[in-house]
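Colleague: Once you've had a glance at the structure underneath, I'll fire off some questions.
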Amino acid sequence: MERQSRTYTPAKTESARVFVIPGGARQDRNIHYASFMKVGTGSQNLGDITRIEIPSDVEFGKFLEVGQIRGSKERPTTQLIQKMPMELRSLIDRLARRGEAFDVHVQFGECLNPQDINEFSLGWVYEYAMGNSYENDELVALDGGETAEIRETLSISSRDQYKYLPMAYFDREPTAIINEIKAVAVKRDVGCDDFPMLFAVTAAEGGSPGTGPYILFSIDEGATWHAHDVDPFDDSEDASGVDSVGNNVIVISEDAGALAYSPLDEFYHPETPGFDPEFTEVDTGFEDNPLAISSAGMKGFIVGDDGYIYSVEEPSEGVRVLDAGEASGGHALGVVYAMNDKYVIAGGEHGRIVFSTNGETFSASPNTPVGVGVEITAVAMRYESEWWVGTDAGTLFVSLDRGLHWTQVGLPGTTPTAIDSIAWASHSVGFIAGQVGGRGRVYRTICGGISWSVQPQSSTYSMPVADRFNQLAINRHDPNFVLGGGIVNELAIVDGVLLLGTDAVK
């Protein structure tokens with residue numbers, strides 16, 4: 001567990017406001033500022049603990065506790081309480097009658113605009129809440145002593161609850177990284193590990209003597225980083241992607257036309273004397289050069305420069321062709337995202353977008369928001385039917401029906417010249433990397449993409465200078481975390497940037 005901050009400001013009910021998103025956060029939905037509503041006390045049973053016992057070997061009638069079983073976590077519950085208006089239907093009445101899910105955001109702050117959902121010191125979200133009982137105060141007074149305001153109460157339970165905070169961003173290894181960070185990844189399955197494993201891979205370093213690409217990794221949520229060369233690749237072979245698949249970390253190289261893999265166990269004890277993880281190069285199954293990789297945990301998906309799509313499960317056996325460029329029309333696919341082992345989206349040259357709903361066969365998107373001459377440079381699925389894509393022209397689009405219809409989404413401030421990466425951390429929280437005025441920029445949403453804000457939230461916090469951030473990766477267990485990798489050219493010196501975004505106050 002991370003160390004608790006020594007900075008403390010108490011949250012107070014007087015500094016909180018409520019926002020409601022009927023239907024749940026989605027780009028085409030509206031945010032309601034509920035100025036005369038409050039959120040009551042809440043609770044969530046995290047699962048009862050049951051002892052596992054065996055008879056004692058030394059005394060009759062005694063038992064030894066040898067383990068425990070945790071019961072199922074229950075849904076968070078709370079109440080929405082509102083002063084009932086006279087001349088219009090209350091929001092609580094609408095939510096109760098419609099019977100559909102909705103999101104509730106409680107935001108705390110001082111010296112901020114209470115009506116702006118993007119200005120907060122602390123946010124608390126109840127996602128996909130539903131009402132399960134409705135109550136109201138007495139409606140009629142029989143004498144002067146009973147005159148009072150009338151309140152309505154809707155008891156709710158939600159699918160999930162968590163807090164989001166302002167974030168600060170740091171270049172974790174500014175003196176150690178001299179090569180461009182080409183790609184980053186966060187191991188999805190934490191298992192029994194205290195922290196997820198973080199990975200970043202670099203371009204090769206030419207010259208005489210030169211070095212091949214490096215893999216940088218952290219096993220303590222980015223506090224400490226270690227570096228090791230990807231042995232099989234030489235000084236002319238950049239890494240182009242990285243991810244973990246099963247019990248291996250896989251690095252791909254367009255220049256080498258191959259992948260290199262190493263067991264994850266090699267990386268858990270970097271302080272051990274003689275630490276030297278070995279990578280094995282494999283080119284079996286490749287028909288073009290790999291440009292990007294995305295893992296669903298036990299299965300990875302790789303796309304290439306002739307539009308091929310591959311799967312990889314056991315890297316020692318190479319890759320298996322899933323699509324030989326038919327879905328992409330033979331055009332290069334430069335980005336791919338696997339939401340799971342069935343739902344996958346990829347994009348590339350001339351606006352090509354391809355997808356799979358079974359993890360085996362791929363089809364072209366029914367429609368594409370851009371055409372010839374524009375490249376899809378970022379893809380993500382928030383849900384199976386909700387796709388987000390960005391382009392090298394700086395445009396951002398969302399489809400809510402698997403590519404049938406597309407809507408262009410605006411970002412705040414100066415229009416980007418390129419969108420480089422999209423990453424969804426949760427139903428509500430997402431990140432975008434783009435380029436504005438020759439500099440890398442990060443955007444964040446805390447409301448499912450309805451609105452975005454330029455990061456950091458205020459000048460109080462930090463953002464390292466970069467020409468661009470090539471890729472962002474998130475930790476699904478923490479919406480207040482993002483990893484990024486990029487490049488900066490300052491005073492004719494080219495360096496890599498390893499971006500770590502986390503809670504602003506630590």
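Colleague: Looking at segment 414-458, which of the residues that are polar (S, T, N, Q) and closer than 22 Å to VAL186 by Cα is surrounded by the fewest Cβ atoms within 10 Å (Cβ to Cβ)?
Modeller: SER426
Colleague: Every residue in segment 198-245 that is hydrophobic (A, V, I, L, M, F, W, C) and under 22 Å from the mean Cα position of the chain (by Cα), please.
Modeller: Of everything in segment 198-245, those that are hydrophobic (A, V, I, L, M, F, W, C) and under 22 Å from the mean Cα position of the chain (by Cα) turn out to be LEU198, PHE199, ALA200, VAL201, ILE215, LEU216, PHE217, ILE219, ALA223, TRP225, VAL242, VAL245.
Colleague: Which residue out of LEU112, LEU139 is touching a Phe, Trp or Tyr at 6+ places or on another chain (Cβ under 9 Å) and either closer than 25 Å to SER43 by Cβ or surrounded by fewer than 18 Cβ atoms within 10 Å (Cβ to Cβ) (or both)?
Modeller: LEU112
Colleague: In addition: Go through the residues of segment 238-251 one by one and say whether even a single one is of a type in the set (S, T, N, Q), modelled with pLDDT under 90, over 30 Å from TYR126 (Cβ atoms) and in a strand (DSSP E or B).
Modeller: no
Colleague: Now for a different question. Just to be sure I understand the filter: pairs with C-beta atoms under 9 Å, separated by 6 or more residues or on different chains, first member in segment 1-20 and closer than 12 Å to SER121 by Cα, second member at pLDDT 90 or above and among the charged types (D, E, K, R). Which pairs pass?
Modeller: So the pair list comes out as ALA16/LYS38.
Colleague: Do we have ARG17 as over 26 Å from GLU149 (Cα atoms), surrounded by 13 or more Cβ atoms within 10 Å (Cβ to Cβ) and either modelled with pLDDT under 90 or not polar (S, T, N, Q) (or both) here?
Modeller: No, not satisfied.
Colleague: What number goes with the only condition from (1) farther than 24 Å from VAL398 by Cα; (2) touching a residue at least 24 places away in the same chain (Cβ under 8 Å) that GLY484 does not pass?
Modeller: (1)
Colleague: Looking at this structure, is GLY285 among the small types (Gly, Ala, Ser) and either more than 28 Å from the chain's Cα centre (by Cα) or at positive phi (or both)?
Modeller: The answer is yes for GLY285.
Colleague: Let me ask you something else. Please state which one of ASP234, ASP288 is part of a loop (DSSP other than H, G, I, E, B), farther than 21 Å from PHE195 by Cβ and modelled with pLDDT of 95 or more.
Modeller: Result: ASP288 is the single residue among ASP234, ASP288 that is part of a loop (DSSP other than H, G, I, E, B), farther than 21 Å from PHE195 by Cβ and modelled with pLDDT of 95 or more.
Colleague: Name every residue in segment 319-341 that is over 23 Å from GLY351 (Cα atoms) and in contact (Cβ under 8 Å) with a residue 40 or more places away in the chain, in order of residue number.
Modeller: Passing the criteria: VAL319, ASN340, ASP341.
Colleague: Let me spell it out: the conditions are (1) touching a Ser or Thr at 6+ places or on another chain (Cβ under 8 Å); (2) touching a residue at least 60 places away in the same chain (Cβ under 8 Å); (3) farther than 20 Å from LEU500 by Cβ, and ILE252 meets all of them except one. Which number is the exception?
Modeller: Condition (2) is where ILE252 drops out.
Colleague: Go through segment 396-455 and report how many residues are under 24 Å from PHE19 (Cα atoms) and free of Cβ contacts under 8 Å to residues at least 24 places away in the same chain.
Modeller: 2
Colleague: For segment 107-142, which positions are in contact (Cβ under 8 Å) with a residue 24 or more places away in the chain, over 17 Å from THR9 (Cβ atoms) and among the polar types (S, T, N, Q)?
Modeller: Hits for segment 107-142 are GLN115, ASN118, ASN132, ASN136.
This table checks each residue for (1) at pLDDT 95 or above; (2) of a type outside the set (Phe, Trp, Tyr); (3) within 27 Å of LYS163 (Cα to Cα).
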position: ALA364; (1), (2), (3): yes, yes, no
position: VAL370; (1), (2), (3): yes, yes, no
position: MET381; (1), (2), (3): yes, yes, yes
position: GLY394; (1), (2), (3): yes, yes, no
position: ASP401; (1), (2), (3): yes, yes, no
position: TRP424; (1), (2), (3): yes, no, yes
position: ARG439; (1), (2), (3): yes, yes, no
position: VAL442; (1), (2), (3): yes, yes, yes
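Colleague: Is it the case that some residue within segment 326-345 is assigned to a strand (DSSP E or B), of a type in the set (A, V, I, L, M) and touching an Asp or Glu at 6+ places or on another chain (Cβ under 7 Å)?
Modeller: no
Colleague: How about segment 386-413: which of its residues are hydrophobic (A, V, I, L, M, F, W, C), surrounded by fewer than 19 Cβ atoms within 10 Å (Cβ to Cβ) and more than 21 Å from the chain's Cα centre (by Cα)?
Modeller: ALA393, LEU404, listed by residue number.
Colleague: Suppose we filter GLY67, GLY40, GLY71 for residues that are in contact (Cβ under 8 Å) with a residue 24 or more places away in the chain and more than 25 Å from VAL104 (Cα to Cα); which single one remains?
Modeller: The unique qualifying residue is GLY71.
Colleague: Kindly provide the set of residues from segment 126-164 that are of a type in the set (A, V, I, L, M, F, W, C) and either touching a Lys or Arg at 6+ places or on another chain (Cβ under 8 Å) or not in a strand (DSSP E or B) (or both), ordered by number.
Modeller: ALA129, LEU139, VAL140, ALA141, LEU142, ALA148, ILE150
Colleague: Additional query: Looking at (1) modelled with pLDDT of 95 or more; (2) surrounded by fewer than 16 Cβ atoms within 10 Å (Cβ to Cβ), which one does TYR126 not meet, given that it meets all the others?
Modeller: Of (1) modelled with pLDDT of 95 or more; (2) surrounded by fewer than 16 Cβ atoms within 10 Å (Cβ to Cβ), only one is false for TYR126: (2).
The values are calculated or read from the model by the stated rules, or taken from the named source; none is laboratory data. Owing to the predicted nature of the structure, the values given are computational and were not obtained by experimental measurement. All Cβ positions, even for glycine, are placed from backbone atoms using ideal geometry, and neighbour counts span all protein chains on display.
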